[in-house]
Amino acid sequence: MSSNPSVSSPGDPAEEKFRLDESLHRELAEAEKKRNPLTPRGEPLTLPDPVFPRHPERKTMQMSEKEYQRVQRWLAIKAWGVPYAKSRWYAKQLRPIVGYLFTEYKCNLDCHYCWAYNNTVKGMTEDTAKRSIDWMEDIGCRVLALMGGEPLLRWPFVHKVTDYAARKGFFVYLATNGRLLRPKVIDRLGDAGLAVINLAVDSVDERPELPKALNPIKENFEYMVKMQRHYGYTSFLNINITRINLDDVRELTEIGRSYNLATDYHINESPMMEQEHFKHQDENSTFITPEDYPRIDDLLDWLIDKHEQGYKMPNPKEQLANMKNMMRGQVEPWPCRAGQNTLIIREDGTLSPCFPMYGASHDWGQVETPGFNLVQLDEMKKSCNTTCFSTLNSIVGHSYNNVRILKWIGKQAKNRFRGVTGSI
């Protein structure tokens with residue numbers, strides 16, 4: 001078995017079930033000390049029932065551009081800036097800037113490239129959610145990303161989580177495919193204090209391999225955009241680049257631009273670790289092949305050009321360029337701080353440093369009793385670091401480079417801090 005495959009050829013039996021170095025995969029998947037789910041300490045805790053509407057005036061009153069930008073600046077300082085500064089001071093402690101809370105691992109769609117979701121896994125309990133939020137508050141984290149699967153499969157639960165976390169001062173971020181993001185759900189989450197909606201769409205029209213499409217959710221999408229200035233959240237489009245949606249990526253980029261939304265990009269990846277439940281490992285039409293490299297190179301050059309023209313993109317230009325290396329399996333080492341300044345909380349309350357390691361049996365501890373070891377993480381990243389290039393982990397990692405962060409602050413000062421300009 002190849003130790004570092006990055007692509008699989010559609011139509012052929014996929015020989016590579018994972019991209020990690022084989023010895024590291026064995027260490028993580030067959031760990032002697034396996035993770036243990038979080039269990040209640042006595043009577044299970046529950047989340048408070050949200051008051052709705054908590055802010056009835058928000059639905060009818062639209063913020064001015066100046067007020068909206070003021071709200072965004074305050075959220076950024078409180079949820080990102082202050083915890084980041086404290087993480088620099090408490091450099092030897094676990095100080096996550098972002099905590100990913102996987103409330104759900106089930107999904108209502110079956111994207112053929114997605115090896116993550118598993119519809120046999122039970123969703124997070126209120127006890128685990130409440131203890132997770134309380135623990136992250138204690139260790140200085142103020143950005144809570146609600147992840148899946150599809151979190152909105154249990155939107156009343158997500159409403160409770162959002163309300164509880166936002167009232168504790170968290171910047172709450174929701175990743176969703178939008179199918180269940182109906183107006184009544186937007187109203188409840190916006191009223192509760194949701195800060196960001198990450199809307200994952202890969203094509204304009206739905207197709208069997210790529211069901212995350214814009215047209216089937218157009219009504220939800222329009223309402224989401226319309227209510228941004230009422231509730232104060234921001235939205236962006238999250239797009240996965242596969243071998244079959246290159247024209248869609250261009251069209252979605254222009255649609256995002258027309259709605260004044262940022263667009264975020266990922267290069268399609270086969271599994272980093274073996275996923276027994278992944279039913280599309282073989283004959284997968286979305287996996288990138290060497291024959292696709294020139295067309296995708298052209299697309300990435302087009303995106304870089306749009307970035308330079310001022311299109312809103314969280315991806316740094318360097319990362320877009322490095323996607324060319326990523327799909328060829330040639331990623332250069334980069335400053336990943338997963339397990340230090342970002343972390344994953346699985347639906348059962350156990351911890352993982354990052355998404356690709358979600359399925360690892362290795363014990364990194366639980367909520368309230370973390371077990372991250374920097375020596376183990378640094379050794380692991382010598383292998384996994386060159387097979388992965390996470391957008392957010394890349395941005396977080398580079399933010400601990402003093403030269404880069406000072407240049408970025410200077411760029412914001414030049415713009416008089418009127419909204420975020422450029423990437424770190």
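Derivation of every value follows stated rules applied to the coordinates shown; laboratory data play no part. Being a predicted model, the structure only gives us computed values, none of them experimental. Note that we place each Cβ from the backbone using ideal geometry, even for glycine, and neighbour counts take in every protein chain shown.
Below, the figures for the structure above:
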{"read-out": "Largest-first principal axis extents of the Cα set of the chain (Å)", "value": "59, 53, 44"}
{"read-out": "Simple Cβ-charge dipole of the range 22-399, Lys/Arg +1 and Asp/Glu -1, about Cα centre, in debye nearest 20", "value": "1660 debye"}
{"read-out": "Among K212, K381, K168: highest mean-square fluctuation, GNM of the chain, C-alpha pairs under 10 Å", "value": "K168"}
{"read-out": "Residues whose placed amide H lies under 5 Å from that of F171, excluding near-sequence neighbours", "value": "V143, L144"}
{"read-out": "Radius of gyration and maximum dimension Dmax of the range 184-326, Cα, Å", "value": "16.3, 48"}
{"read-out": "Derived scalar couplings ³J(HN,Hα) [the range 88-100; Karplus, 6.51 cos²θ - 1.76 cosθ + 1.60; whole Hz; x for Gly, Pro]", "value": "5, 6, 9, 5, 8, 10, 6, 10, x, 6, 10, x, 8"}
{"read-out": "31 Å Cα-Cα threshold exceeded, pairs from K86/K317; K17/K324; K17/K306; K66/K218", "value": "K17/K306"}
{"read-out": "Value of relative contact order over the range 22-399, rounded to a whole percent, pairs C-alpha under 8 Å and six or more apart", "value": "21 percent"}
{"read-out": "For the chain, Cys with no neighbouring Cys Cβ under 4.7 Å", "value": "C107, C141, C336, C354, C384, C388"}
{"read-out": "Cα shape, the range 274-347, gyration tensor, a/c 1.5 rule", "value": "oblate"}
{"read-out": "Ordering of 104-117, 57-70 by burial proxy (mean other Cβ atoms within 10 Å per residue, highest first)", "value": "104-117, 57-70"}
{"read-out": "Under Karplus coefficients 6.51, -1.76 and 1.60, residue-wise ³J(HN,Hα) of the range 114-125 in Hz, glycine/proline x", "value": "7, 9, 8, 5, 8, 7, 9, 8, 6, x, 5, 8"}
{"read-out": "Cα principal axis extents for the range 33-180, largest first, Å", "value": "49, 42, 38"}
{"read-out": "As computed over the range 125-234, the Cα convex hull volume per residue (Å³)", "value": "97 Å³"}
{"read-out": "The chain: calculated mean residue ellipticity at 222 nm from DSSP helix runs of at least 4, using -39500 (n - 2.57)", "value": "-10500 deg cm²/dmol"}
{"read-out": "Dimensions (Å) - the range 306-398, Cα atoms, principal axes, largest first", "value": "46, 26, 20"}
{"read-out": "Relative contact order (%) - the range 214-280, alpha-carbon pairs under 8 angstrom, separation at least six", "value": "32 percent"}
{"read-out": "Taking the C-alpha atoms of the range 216-265, convex hull volume expressed per residue in Å³", "value": "74 Å³"}
{"read-out": "Proximal charge balance of V204 [Cβ under 12 Å; K/R count +1, D/E count -1]", "value": "-3"}
{"read-out": "Gaussian network model of the chain, springs between alpha carbon atoms under 10 Å - residue of A192, A85, A338 with greatest fluctuation", "value": "A85"}
{"read-out": "Residues with amide H under 5 Å from that of Y117, placed H, sequence gap 5 or more", "value": "G149"}
{"read-out": "Hull volume in cubic angstrom per residue (convex hull over the Cα atoms of the range 137-199)", "value": "72 Å³"}
